[in-house]
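Structure record follows, encoded as structure tokens.
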Amino acid sequence: MSSPWEPKIVAFLCHWCSYAGADLAGVSRIQYPPNIRVIRVPCSGSVDPLYILKALREGADGVLVSGCHPGDCHYLSGNYFARRKFFVLYELLRFLGLEGRVHFSWVSASEGQRFAEVVTSVVAAVEKLGPSPLAGERKYHDLA
Amino acid sequence: MRCEGTYTPCLLPIEEIIEETRDIKTFRIRRPEDFVYLPGQFAEIFVPGVGEAPFSISSSPTNPTFLEFSIKRIGSVTQALHRLNPGDTIGLRGPYGKGFPLEELLGKNLLFVGGGIGLAPLRSLINYVLSPEHRESFGEVFVLYGARTPGDLVFRWEFPSWEKRKDLTLCLTVDEGDTSWSGRVGLVPNVLQEVFTRSCANWVGIVCGPPIMIKFTIKALREMGFEARRIITTLEMKMKCGLGKCGRCNIGPYYVCQDGPVFSYEMLVTMPEEY
Amino acid sequence: MTLREGARKLLEEKSVQGVLGYKRGSLPFRTRPYLFRNPQEVEELVFTPFCGTNLARYLLRLPGDFGKVAVVAKGCDSRALTVLVREHQLKRENLYILGVHCPGMVDWRKLAQWKDLKESEVAFEEGTILIRGVPHPLSSFLEASCKRCRYRSPLEYDILLGAEASPFPFEDHLAALWRLPKEKRWEFFAQELSRCIRCYACRNACPMCYCKECFAESHKPLFIHPSPTLRDNFVFHLGRAMHLAGRCVECGACERACPLGIPIATLFLAVAEIVREHFAFEAGASVEAPAPFVTYREDDPNAFIL
Amino acid sequence: MRLSYEGRLVSYEEFLRWLQASKAFATEIVLSRFNIALPSLPTPKSLLLPQREELYHFLWGKREWKVIPLPPASEKVLLLLAPCEAKAVVHVLDEVFLKNAPPDSSYVVRRENLTLLVVGCTFFEATCFCTRVGGHPLSWEGGNCFALPLPFGVYLEGEGPEGRALEPLEKEELEKLVERLAKEALKPLPEKTPEYLYSAFEREVWEEVAWGCLNCGACTFLCPTCFCFDLALEGKLRGAMVRTWDSCMFPKFTLHASSHNPRANPLQRVRQRVLHKFSYFPLRKGKFGCVGCGRCVLACPVNWDIREAVERVVSCAL
């Protein structure tokens, strides 16, 4: 019943840039792996590190947070604040030996191609790591 | 009701949903044959994917075909319940608790005082008493029911059938009337002293409603001369198991889920005030 | 002036409503926080290398109208007080800080191997601990957070009492962990985090965890399940670590509180280290410097971003 | 059940061989006394009432909900535990999960598969107070067998390996031990303790007693008698109803959906823990809900001591 493992990646995308970038990738018919589940957020600065941890807890093998390039934030400085939080989380996860599961990127609304490249590289990185050691929910999948 | 495992619910479809007020709905489900219960008992309702919560049964055990639960939208489980439609599945386990002390009520006149959704457990007993097979075992029935506004009165669809009867006095009141309301306006404990003017001999007061209403109604009943053991009320506590095991509904030496939820005022005064 | 004299004077002069300090516990080598209300009680006030509880935690529980309170503070405690004052949880004018030099906190659990050891059989000397007359290096009995302590004397105080304690070597167990391959690190943390029973002792002992409702117990939204699986424990401890970024004063109260002896402070110390190294900030070390997460620089680290 | 002195003596080697042949677990208290390698448990509770237990699974599939009951997986186990811990199983856990109808279906299975080997105590630790609450270091009430580690071998009663009778000198040694323990034992709490405490519910002394407590759950989770649990759902379209330990120390324990909380402040929760063990449970079941193992005293981050709390309140109520 169980199909081969495919990484599941939760992507928090800023409404003003990366989400539009993902849209552009779509309408431009740029191919990228279908492993991401997109959650649209108003700004990368609104992504509490808890959301990222929660995504991992709920069974995501990887998480991608993508916002506007530095200087381009719709709310002027949301992504700068986000960068500090993400850096600490990134380093902390690295300290725990869980690097490579949580990724951050800056992708603007005009960078459809770049969005596809980011997703491709994130999926490849997570694929290399294999299933997340935290994704325990998966066991209920055998019920059906 | 038999199910494999002490905490496993039986899945049943909702037959009918009655909209009582803007935040209260009555859910009707088919009564499983082995679901034997008494008025005042409760059951745990499981909403798949959301959670489980205890609710008192608002239908009378004399009704063989269905069970009713009147549920106010407050927490996550009740919110999920309110989103369900007839035909949707819920889980049921129970009945739990002790229910009203029917033996002690035999031959007595019964004064029911309900507030808001607190009428739900009382309704089970009222309809039990009114049923042809039990009516003769009890004396007079007086029902005083109040709610915040006319729109908050539950079971209004049933009141005509109660009002028709000669052996029941129904008195409704609201804290705050509106243009459609021609009835009484006033807080339940105050109205009680106005409308219930008989001698309290051989009467038992049965009170259920929000904690503050219970508190003042009991005070009023005491002033009217009701003995502590002749005042019966129900307590509400956070519950999980319903079986006196999980520990959270513990008040003094009692577990509300197992020894209650119905308590006499006589018992209540011996308990620490942590409810 | 000794600590007791100082405390007694404050209470006798009625310049404070109480002195928050430590008194001897019911078991050897244990102390417990206590609010001394009258000068006679002060005889029981102690300060030993077993006073690890961060008293700032208890200030948060005093009623709002308590008035002025004196508090015994080591280096880390004084940092906690500074952070709490900055975060408007405490009023500096309501505090009288009785600063004490910290001798380093000793892990009482490490003394359990000596059966029926009495307090009188243990003595402290320059960098050593004498147990039944036998000297042992003090550092092997110290709490991990104390071994990498930078501020053994309080940074903020109204009066500084007692003799300066002798120094002990700085020992960085974080660096040793960083040197391990990442698989080994995860193995270590996964094992330690799985042991957690989520009694929340670490959180409740933490002076910085004063939220009215913790995300760990919140039902709406629900972040984690109450059962202690690795993934839920992971979110709990990392979530807390993120909440403590730039706020953790490295007191190690969490680790001391853990009934299972999980080296949980490691996570929070690591975060404090990251913040120190990259954002040049130390919680409670300065009153003026802005907290790291309420400010930013355009040249903050960016290389980790794709 | 007290010592009959009619038991038998086996050598340590033989005893260990027998343990290894049976599937034996030991609690940490017992292990600290034996130098043997057995899988350890913090308390017997972790075996009978695991901290996480999936009660049933549910799933949405083929346009309908399904509930799948999970039969408890349990193997025959020999559990080595101290007399106080055995009392916790027999006096409290069995009382709540077996005798209090209806019995808890998964507890029943696990309990049936459990053989209790009570290991007698030859000394009191600084945290011990079993004799205060009606226990005894050599009692094996409710156990299937009893073992007492002595200098010359293991004294056994009940089930277990064959052995030889005690020599008169050995018997004398055993009697001496019993005498010494009797001398060192703390005297029991006043018989009316539950009533005293109950009557002191509203006393101000609670404020002083509850003051230092941090309101964490370390004591309740490590307590062998604390049985309170939570039923919490996991998953949305498929998942499980999970039973997990809960603690009366947590503010959410009694929080109603309406946001009313009968025990909202820390003092009330500390009082609940003390009274439930020393007053409510005894008034209901006729025996203390505390067995005096002292784990909570040892585990407390701030050395809050339940022994002192009980004594303080009882002395106020007298």
Of B:Thr6, B:Gly116, B:Phe69, whose Cα points farthest to the positive end of the dipole of region B:1-119 (charges on the beta-carbon: +1 Lys, Arg; -1 Asp, Glu; origin at the Cα centre)? B:Gly116
When we measure straight from the Cα of D:Lys236, which lysines land under 18 angstrom away, once same-chain ones fewer than 8 places off are left out? A:Lys8, A:Lys54, A:Lys139, C:Lys220, D:Lys62, D:Lys66
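Indicate the gyration tensor shape class of region A:54-135 (rounded, prolate or oblate), computed on the Cα atoms with a ≥ b ≥ c the square roots of the eigenvalues: a/c under 1.5 is rounded; otherwise a/b larger than b/c is prolate and the rest oblate.
oblate
Once you charge only the Cβ atoms, +1 for Lys and Arg and -1 for Asp and Glu, what is the size of the charge dipole of region B:56-191 about its Cα centre, to the nearest 20 debye?
So the magnitude is around 220 debye.
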Once phi is turned into θ = phi - 60°, what whole-Hz ³J(HN,Hα) does the Karplus curve with 6.51, -1.76 and 1.60 give for every residue of region C:194-201, x standing for Gly and Pro? 5, 6, 4, 9, 6, 7, 6, 5
Relative packing of D:223-231, D:151-159, D:58-66, which averages over residues the other C-beta atoms within 10 Å, highest first: D:223-231, D:151-159, D:58-66
Using the C-alpha gyration tensor of region B:15-123, what are the square roots of 5 times its eigenvalues, in whole angstrom, with the largest one first? 24, 16, 12
For peptide B:45-53, the mean count of other chain Cβ atoms within 10 Å per residue Cβ is 5
For region B:47-63, Karplus-derived ³J(HN,Hα) couplings (6.51, -1.76, 1.60; θ = phi - 60°; whole Hz; x for glycine and proline) come out as 9, x, x, 10, x, 9, 8, x, 9, 6, 8, 9, 8, 7, x, 6, 8
How many percent of all Cα-Cα pairs in region C:3-294 sit more than 35 Å apart? 18 percent
Table column - 3J(HN,Hα) (Hz), region B:270-275, Karplus curve with 6.51, -1.76, 1.60, x for Gly and Pro: 7, 9, x, 7, 10, 9
Distance between Cα centroids, region A:47-71 to region C:231-301: provide it in whole Å. 19 Å
What Kirkwood radius, in Å to one decimal, follows from the Cα pairs of chain B? 19.0 Å
Sequence-distant or interchain residues sharing an amide H contact under 5 Å with A:Ala11, placed H: which? A:Arg37, A:Val38, A:Ile39, A:Leu64
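Treating only the Cβ atoms of Lys and Arg (+1) and Asp and Glu (-1) as charged, compute the dipole magnitude of the protein assembly as shown about its Cα centre; round to the nearest 20 debye.
640 debye
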Name all residues of region A:76-119 having a backbone nitrogen under 15 Å from the label point set 7 Å from the Cα of C:Asp300 along its Cα→Cβ direction, giving them as ranges. A:76-92, A:104-106
D:Arg33 versus B:Ser182: modelled label distance in nm, points set 7 Å from Cα along the beta carbon direction: 8.2 nm
So the pair-distance distribution of chain A, from every Cα-Cα distance in 5 Å bins, comes to percents of 2, 10, 20, 22, 20, 14, 8, 3, 1, 0
Approximate spin-label separation C:Glu44-D:Ser22, in nm, with each point projected 7 Å along Cα-to-Cβ: 4.6 nm
Nonlocal amide H pairs with D:Arg52, under 5 Å, H built at 1.01 Å: none
GluC sites (Glu not before Pro), restricted to region C:152-256: which are DSSP loop and have at most 13 other Cβ atoms within 10 Å? C:Glu164, C:Glu213
Quick one: of the DSSP bridges fully inside the protein assembly as shown, what percent are antiparallel, nearest 5? 55 percent
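As a test of the formula, what do you get for chain D when each DSSP H run with n ≥ 4 contributes -39,500 (n - 2.57) and the sum is divided by the residue count, at 222 nm and rounded to the nearest 500 deg cm²/dmol?
So the helix-based figure for chain D works out to -8000 deg cm²/dmol.
Once you sort the root eigenvalues of the Cα gyration tensor of region D:193-317 as a ≥ b ≥ c, which label holds: rounded (a/c under 1.5), prolate (a/b larger than b/c) or oblate (the other case)?
prolate
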Relative contact order of region C:1-56, please, whole-number percent, based on alpha carbon pairs below 8 angstrom and at least 6 residues apart. 35 percent
Nearest 10 degrees, 0 to 90: helix B:119-130 Cα axis against chain B principal axis: 70 degrees
Restricting to Cα pairs below 8 Å that are 6+ residues apart, what does the relative contact order work out to for region C:66-191? Please round to a whole percent. 30 percent
Efficiency of FRET between B:Asn109 and B:Arg148 - r from beta-carbon atoms, R0 25 angstrom, step 0.05: 0.30
If amide hydrogens are placed 1.01 Å from N in the peptide plane, which non-local residues have theirs closer than 5 Å to the one on D:Leu150? D:Tyr155
Charge dipole (the protein assembly as shown, unit charges on Cβ, about Cα centre) - positive-most of D:Pro301, A:Ala82, B:Cys200: A:Ala82
Just want to confirm a number: the relative contact order over chain B, from Cα pairs under 8 angstrom separated by 6+ residues, in percent. 18 percent
Inter-chain Cβ neighbour average for residues C:238-244, partner chain, 10 Å: 5
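At a Förster radius of 22 Å, what calculated FRET efficiency corresponds to the Cβ-Cβ distance of B:Arg229 and B:His134, to the nearest 0.05?
0.50
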Can you give the convex hull volume of the alpha carbon atoms of the protein assembly as shown per residue, in Å³? 215 Å³
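So what's the back-of-envelope 222 nm ellipticity for chain B, counting only DSSP H runs of four-plus at -39500 (n - 2.57) apiece and dividing by all residues, rounded to 500?
Dividing the helical sum by the residues of chain B leaves -5000 deg cm²/dmol.
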Quick check of the Kirkwood formula: for chain D, what is the inverse mean of 1/r over all pairs of different Cα atoms, in Å? 21.3 Å
Once the Cβ-Cβ distance between D:Leu267 and C:Ser15 is put in as r, and R0 is 25 Å, what FRET efficiency do you end up with, to the nearest 0.05? 0.30
Taking only complete DSSP H runs, can you tell me which helices of chain D stretch 18 Å or more along their own long axis by Cα positions and average at least 1.0 on the Kyte-Doolittle scale? none
Just from its helices, what would the mean residue ellipticity at 222 nm be for chain A, if runs of 4 or more DSSP H residues each count -39500 (n - 2.57) and the sum is divided by every residue, rounded to the nearest 500 deg cm²/dmol? -12500 deg cm²/dmol
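Return the average number of partner chain Cβ atoms within 10 angstrom of each residue Cβ along peptide C:208-214. If you can, show how the numbers build up before the last one.
Details: counts 0, 0, 0, 0, 1, 3, 3.
For this peptide, the per-residue mean of nearby foreign Cβ atoms is 1.
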Quick note, region D:153-259: a/c under 1.5 would make it rounded; otherwise a/b > b/c is prolate and the rest oblate (a ≥ b ≥ c, C-alpha gyration tensor); here it is oblate
I want to check the label-to-label distance for B:Glu163 and C:Leu222. Put each point 7 Å from Cα in the C-beta direction and report it in nm to one decimal. 4.4 nm
How big is the charge dipole of region A:9-135 about its Cα centre, in debye rounded to the nearest 20, if each Lys and Arg gets +1 on its Cβ and each Asp and Glu gets -1 on its Cβ? 160 debye
Provide Rg over Rh for region B:102-234; use the alpha carbon set for both Rg and the Kirkwood Rh (inverse mean inverse pair distance). 0.94
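Just so you know, all these numbers are worked out from the coordinates, no wet-lab data involved. Just so you know, these numbers come straight off a predicted model, no measurement behind them. Virtual Cβ from ideal backbone geometry, glycine too; neighbours counted across all protein chains shown.
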